[in-house]
1. Residues 139, 163, 110: which one is touching a residue at least 60 places away in the same chain (Cβ under 8 Å) and either out of contact with any strand residue (DSSP E or B) (no Cβ under 9 Å at 6 or more places or on another chain) or within 27 Å of residue 234 (Cα to Cα) (or both)?
2. Within the stretch 42-53, which residues are free of Cβ contacts under 8 Å to residues at least 60 places away in the same chain and surrounded by fewer than 19 Cβ atoms within 10 Å (Cβ to Cβ)?
3. Got a sec? Which helices (runs of 4 or more DSSP H) wholly within the stretch 168-283 have at least 1 residues that are of a type in the set (Val, Ile, Thr), over 30 Å from residue 120 (Cα atoms) and modelled with pLDDT of 95 or more?
4. Conditions: (1) under 14 Å from the mean Cα position of the chain (by Cα); (2) assigned to a helix (DSSP H, G or I). Residue 154 meets all but one. Number of the miss?
5. Can residue 48 be described as among the aromatic types (Phe, Trp, Tyr), out of contact with any Lys or Arg (no Cβ under 9 Å at 6 or more places or on another chain) and modelled with pLDDT under 95?
6. Quick test of your reading of the structure: residue 96 fulfils all but one of (1) in contact (Cβ under 8 Å) with a residue 12 or more places away in the chain; (2) more than 21 Å from the chain's Cα centre (by Cα). Name the failing condition by number.
7. Could you list all residues from the stretch 1-34 that are within 20 Å of the chain's Cα centre (by Cα), under 19 Å from residue 177 (Cβ atoms) and surrounded by 16 or more Cβ atoms within 10 Å (Cβ to Cβ)?
Amino acid sequence: MNTAYPNLGQILRVSLPALLLAQFLIWPIVGLSLPYIGIIAAEMTLLWFMILYIRRNRLSSENLLLLNATPISTLLLTIPIAICCSLVVAELDLHIANLLTILDLGMPLAFQKNLLELQIFDEITEVPGGLTALVLAPAFCEELFFRGFVLSGLYTHYGPRWALFGSALLFAASHFNPWQFIPLFIFGLFLGALVYWTHSIYPALFAHAINNLASVTGINLRTHWGIEELGPTQHLPISMTLCAALALLAGLSLLSRQVAIMPLSIGKKTSAEFPSADPTSLN
């Protein structure tokens, strides 16, 4: 075991200051006046703290962050899987939101308003900056941090089960949004599984970007063109949700059987020391 790889205590000492600084200092100072710049700056804070740890401990960023080559077929398969996951998680999120509203525990209207307004493009000139801040920056920074730094450290010290669970838990908590904690946690598990089965960060990064793009697209289609089907407050037909869930399971099963180009090199162990990509080998 490579003891330089972060254990749970070290992960928390890196992630908690980074998340608190991003959420309660950088975002209030920058984001309230320049929202897109604020989002990018907050996301980059995670990378800054992570890079400091990597440099201080002289780690291989390629191994720690799982920057392994990925077959084109795997990335192409990730597209429909990510779309199906986005549909299923969004539907779950909507059901939970309805339940919380009934229990008088729903998301505050001001919070909902802010989330929606951040994703609405009023002018075509806002699209490049908006997509960079809402789609690319979160996918790039959060995947390198949570599915790279956090998952690799937990895997090295505690094994794959705790790595998947812990990285998803911290990912969900990092959004400071208790009303969407469960959907975020499930989405984090999904992204972690992509990394575990493919031995690479790129499918998760790709899937994260697709999910964010789907959310932004749905909100703007509803706002500007009145297309309600993909809006954030509209339930999907039960048949469509069921088909998406079945397609998601089938896609994940197929993905788990794809041959990875590189071995899982976390902790600089040999590939023989790690379980195969079979999803039943999580032990």
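1. Values: 163 fails: touching a residue at least 60 places away in the same chain (Cβ under 8 Å); 110 fails: touching a residue at least 60 places away in the same chain (Cβ under 8 Å).
After applying the criteria, what remains is 139.
2. Within the stretch 42-53, the subset free of Cβ contacts under 8 Å to residues at least 60 places away in the same chain is 42, 45, 48-49, 51-52.
48, 51, 52 - these are the residues of the stretch 42-53 that are free of Cβ contacts under 8 Å to residues at least 60 places away in the same chain and surrounded by fewer than 19 Cβ atoms within 10 Å (Cβ to Cβ).
3. Hits in the stretch 168-283: 181-198.
4. (1) is the only condition that residue 154 fails.
5. For residue 48, the condition - among the aromatic types (Phe, Trp, Tyr), out of contact with any Lys or Arg (no Cβ under 9 Å at 6 or more places or on another chain) and modelled with pLDDT under 95 - is not met.
6. Tallying (1) in contact (Cβ under 8 Å) with a residue 12 or more places away in the chain; (2) more than 21 Å from the chain's Cα centre (by Cα), residue 96 fails exactly one: (2).
7. Across the stretch 1-34, the qualifying residues are 15, 18, 19, 21, 22, 23, 27.
The values are calculated or read from the model by the stated rules, or taken from the named source; none is laboratory data. This one's a predicted model, so the numbers in the text were calculated from it and none came from an experiment. Cβ atoms come from the backbone with ideal geometry, glycine included; neighbour counts cover every protein chain shown.
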